[in-house]
1. Could you give the nm distance between label points at B:Arg168 and A:Glu121, where each point is 7 Å from its Cα heading toward the beta carbon?
2. Taking a probe of 1.4 Å, how large is the accessible area per residue of the stretch A:379-456, in Å²?
3. So if each residue of separation counts as 0.36 nm, and I subtract the Cα-Cα distance between A:Arg54 and A:Glu275, what length gain in nm does that give?
4. May I ask for the angle, rounded to the nearest 10°, between helix B:184-199 and the longest principal axis of chain B, with both axes built from Cα atoms and the value confined to 0 to 90°?
5. I need the phi-derived Karplus couplings for the stretch A:406-412: 6.51 cos²θ - 1.76 cosθ + 1.60, θ = phi - 60°, integer Hz, Gly and Pro marked x.
6. Using 0.36 nm per residue of separation minus the Cα-Cα distance, give me the extension gain between A:Tyr263 and A:Ala96 in nm, one decimal.
7. With 28 Å as the limit, write out which pairs from A:Lys445/B:Lys194; A:Lys321/B:Lys108; A:Lys47/A:Lys117; A:Lys384/A:Lys445; A:Lys374/B:Lys194; A:Lys106/A:Lys384 have Cα-Cα distances beyond it, or answer none.
8. Write out the GluC sites (Glu not before Pro) in the stretch A:1-44 meeting two conditions: DSSP loop, and at most 14 other Cβ atoms within 10 Å of their Cβ.
Amino acid sequence: MGFRERSAAAVCDSNAQAVFRKAAEQFKSEREKVFAALDDPEANRRKVAEIRRRSLANLPALLELLESKVIARGGQVHFAQTAGEANALVQDIARAHGVRKAVKGKSMVSEEIRLNKALMEADVDVVETDLGEYICQLAGELPSHMVAPAVHMSKEQVAQLFTEHLGEPLDFDIPGLTAIARKHLRKRFLEADMGITGVNVAIAESGTFMLVENEGNIRFSVTAPKVHVAIMTLEKVVATLEDAMSILWLLPRSAAGQDLSSYVSLLSGPRRQDETDGPEAFHLIILDNGRSLIMADPLLRDVFACIRCGACLNVCPVWQKAGGHAYGGVYSGPLGSLLTPILGLHPDGWELPFACTQCGACAEVCPAKLEQPKLLLELRRRAKGRSNPAMGLVPWAASKPQIWKQSLQLLRRLDPRLSRLARVPGLRSRLGIWTRARTMPGREKPFSDQWRKLRG
Amino acid sequence: MPTVSLFIPCLVEHVYPQVGLSAARVLERAGIQVEVPPGQTCCGQPPYKQGRINDAASMARRFLDVFQGAEAVVGPTASCVAMIRQNYPDLLAEDKVYGPLAEDLAQKTFELSEYLVNRLGLKDTGASLPGKAVYHESCQMGRVLGLKEEPRLLLDSVRSLEILPFARQDRCCGMGGQFSYDYPELSAELLEDKMADIQAASPDYVITAEVSCMLNLDGYVRKHGLPLRVLHLAQVLDSAEGKNGIS
């Protein structure tokens, strides 16, 4: 089953459709509101775009600086080439510190490497602490949205889940459901030996990590347990605090239509002697997982300018209909259609760049000014065996105006409504549905014939 | 008298010829001499959008031959104009012969409303069309070519025509060229949404400047026998009391 089948199933699910629509429209309008209140949002976007590209261009030096600063502050830095290496590192760290229980803040990269599974295998009981992620974990599902992981579920479904897994009485009230999650999670925070988080932005000059959130669960995860493990992909680093602040200026605005998220944490290494809180040990894992290879490719490098705000999902007509899970991987929407194939995150990944109308809504809102439509076309160019071999005849036919015109006119004459073609096996499954939604206009004399008659 | 070489996209040639005729008439009425270079076929957009770069490049070279020496090229659809203007120069960047020709043609190629408003300084074509309409901007017009104001300026001056607002105006209609064939379920759902938003405004006409959106929306209207007509901007600008471009 590929993206087409999964998305076709999603459009038949009227509950899911209602939820996607509401979420997308709300995110979109909230974002528009806060952007309209900015003095010069275009200048802000240009700034973020410039920072991200400058950081990518200086990546090796920035990573080296980051490493030295983190070590100087008493942290440990580990580089992981692959998902397997990163998971093994976290397992080793857990073992070394005798960790039995862990809490995790929302982190796309930990989903990308399937860290929870690896921790379970190492007998570490790990629990997601972001409400949406917690719901997804209980349901045994991947997040379907970068910012709102459980956006695909209704409150009724969540209530059902809490009753089943937590033995709570059925409660359809959202604050009530949140209170249930809070009660169960609070205990887990206090029991945990290790807190695991992602990184929104790493600041090389000081070895500081910025974490952006609304629930306080990330800050709790890095302050209560004795060990903090932060996992970042290597493109997340910028040079200065000032660069990070420029990104922060647009990140919550783009992600959730907020001027600022409820919590922004700037963390620099483990607790020092003169400090009263923070973890005893801090480990940074810098993950590549195929990225450095892509970054060496000038036509694709730009994908990593992304700051993971999810604005592109919210405005994407395809995401709004298909939902996140149809993409098959951790990342969905325009970004998912880029990352999934190039990082090899799903066997059907190379289909995703074609599942795009090239409408450009994503590029219009991207705070880092990625040109997703162009990048997706570049991936279409590289996709193997996707396009119909009969397409190879098109340039030849188009170079023979008479043949071109006559064959299209013949088609228009024999099958003006495409109803015959729509019954041909091999075309039926697609053209049949195409013509079920539309009726072709009737045949008319081609423009060129009419023009010749008029003008001689 | 300025001369325009009219670029006739495939869908205009074979499905909506009246769009081409209207575009020619509107230009002529604006004092432009219109010629239609013979031997036009496809600009190469479909293979280009499928990632078939070499096929698209060979079609681009042919297009440059057909339009060689044109003073200005005007096409009545956004996506094909965008192909020539934005994609030809990239496609042929390495080609010493055709590369410079592509750069040159990109500078001289315009979408119809863009040519009328920005090149000729025209805001009123003298058209008249009684009724209410919505304008479907189309992603290729608004986002790709950045032509948001030009068609609206022209529509605002059409006599007796009221342009109605409608919900989610900037959202894709679900066509996306081959997307509508590859993912017909998603495409049909997006089309349903678009038509529901449009119908909620109860217009007499749906106007667009992109023929592939036109095929999508018009196909839906025909399928469901809806009491509204889908028109190309050129047809609206060609409408006058008594005679119109929508015959």
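The values are calculated or read from the model by the stated rules, or taken from the named source; none is laboratory data. Just so it is clear, the model here is predicted, and its values are computed rather than measured. Here the Cβ positions follow ideal geometry from the backbone for every residue, glycine too, while neighbour counts run over all protein chains shown. What goes into the accessible areas is simple: the full protein's heavy atoms, side chains included, and nothing from ligands, DNA or RNA. Shrake-Rupley method; radii C 1.70, N 1.55, O 1.52, S 1.80 Å.
1. The modelled label-to-label distance comes out at 4.2 nm.
2. Working: 4870 Å² over 78 residues.
So the stretch A:379-456 comes to 62 Å² accessible per residue, rounded to a whole number.
3. Gain in length upon complete extension: 76.1 nm.
4. 50
5. 5, 5, 5, 5, 4, 4, 5
6. Difference between extended and current length: 57.0 nm.
7. A:Lys445/B:Lys194; A:Lys321/B:Lys108; A:Lys47/A:Lys117; A:Lys384/A:Lys445; A:Lys106/A:Lys384
8. none
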